[in-house]
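**Q** Okay, here's the structure, questions in a sec.
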Amino acid sequence: MDTALEARLRLQILDWVRERAEANGGFLHRQELLSFRIDGHDLPIIDFSRGIRNPAEFSSTLSIVTSASGPYDDAESDDGLLHYAYRKGDPWTGDNRKLRTAMETGQPLILFRKEQPNILTPVMPVYVVDDEPENRQFVIALDESFRYMGDVRELSEPQREYARRLAKQRLHQPAFRTRVLLAYETRCAICELRHGSLLDAAHIVPDSEPLGLPTTSNGLALCKIHHAAYDQNMLGVSPDYRVAINHAVLEEIDGPMLKHGLQEMHGRTIVVPTRAKDRPDRDGLAWRWERFTRA
Ligand SMILES: [Zn+2]
């Protein structure tokens, strides 16, 4: 296939994945990726049975799938880059050759993080930035700038810090959102709104704190309004799952959003996940509740 055509298709695919993920709440279902069509042709975005998608007519890799091991990614290293092992077999042909072409041409790929069977969180665009034949692996970065940083094995401390920050924003946070939204069946814990595109995963203990881990039990699925109200301490959730609205807000007089969206939530009980291990951690809620009552 002509390089310009491949590049155009690739960008169309990236746009489509981004839009679908936004509509769902940050993730896609395996089936919708397998049944993707463009210009009247089938063009699956992931492979049916393998963790890498190399369409026959494409010169470089379109997507890779990695698995989640806890909150972190199995390909992730502590330098904030992803280390992707060579595919089995000859390092110079097939999948490995197409990953190398992606590195040489700088074409963007999609990394899909598999959170659960059939559910994938897209992280994109990502770039193959290094080839380490001695370790039989490629290095994948979450930002194009790493293509121009010289030897990624010799990054300066500020560059490493940047890579780690990117991993948090572009990999850990989207994956956290997917896990939390799935646990809450894509529903705001407070008002039960069911639009994935309007839902966030709020941290109970913020991620700036040592205990603020991106685990489901440190999360709450909240709509955008309730997330912002929670972060502003206008709204609190007690360790026994009660919603409280702060006094000043309760006494205000304003339009329907204030009345129905906030004041009427006072005293409700949040909706929690079915699985006990996904439910909000009571100690985390207590930590946060104390800050709400003090505010
Ligand atoms: Zn809500």
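Every number here is computed from the coordinates shown, using simple stated rules; none is lab data. Here the structure is a predicted model, which means the values were calculated and not measured. Neighbour counts run over all protein chains shown; Cβ positions are idealised from the backbone, glycine included.
**Q** Report, largest value first, the span of the C-alpha coordinates of the chain along each principal axis, in whole Å.
**A** Each principal axis gives a Cα extent; for the chain these are 67, 47, 33 Å.
**Q** Run the numbers on the chain and let me know its relative contact order in percent, using alpha-carbon pairs under 8 Å that are six or more apart.
**A** The normalised contact order for the chain reaches 14 percent.
**Q** Separate question: Hey, for a label at N135 modelled as a point 7 Å past Cα toward Cβ, could you say which residues of the range 66-101 have their backbone N under 14 Å away?
**A** Only 75-86 pass the distance filter.
**Q** Which of L250, L166, L235 moves most in a GNM of the chain, Cα contacts under 10 Å?
**A** The residue that fluctuates most here is L250.
**Q** Pull up all non-local amide H partners of G25: gap of 5 or more, or a different chain, and H-to-H distance under 5 Å with H placed in the peptide plane.
**A** Result for G25 returns S197.
**Q** Net charge near Q263: determine it from the other residues with C-beta under 10 Å of the C-beta of Q263, scoring Lys and Arg +1 and Asp and Glu -1.
**A** In short, -3.
**Q** Which GluC sites (Glu not before Pro) in the range 150-207 pass both tests, a DSSP loop state and at most 16 other beta-carbon atoms within 10 Å?
**A** Answer in residue order: E185, E192.
**Q** Right, next: Once amide H atoms are built 1.01 Å from N in the peptide plane, which residues 5 or more positions from G219, or in another chain, come under 5 Å H to H?
**A** HN-HN under 5 Å from G219: I204, D281.
**Q** While we're here: Need one number: % antiparallel among DSSP beta bridges in the chain, to the nearest 5.
**A** Approximately 85 percent, going by the DSSP bridge assignments.
**Q** I've got another one for you. Pick out, in residue order, every one of the GluC sites (Glu not before Pro) in the range 1-41 that is DSSP loop and has at most 11 other C-beta atoms within 10 Å; say none if there are none.
**A** none
**Q** If the chain between D15 and T105 were fully stretched, how many nm would it gain, using 0.36 nm times the residue separation less the Cα-Cα distance?
**A** Gain on extension, D15 to T105, equals 30.4 nm.
**Q** Exposed loop chymotrypsin sites (Phe, Trp or Tyr not before Pro) only (DSSP loop, at most 13 other Cβ atoms within 10 Å): please give the longest stretch of the chain free of them, not including the sites.
**A** Answer from the scan: 93-295.
**Q** If you don't mind, another one. Restricting things to alpha carbons, find the Rg to Rh ratio for the range 18-175 using the Kirkwood radius for Rh.
**A** Taking Rh as the inverse mean 1/r over Cα pairs, Rg/Rh reads 0.95.
**Q** Per 0.36 nm of contour for each residue apart, how much would the distance between N118 and I38 grow if the chain were fully extended, relative to their Cα-Cα spacing?
**A** Using 0.36 nm per residue and subtracting the Cα-Cα distance, I get 26.6 nm.
**Q** Related question: How many percent of all Cα-Cα pairs in the range 65-117 sit more than 12 Å apart?
**A** 71
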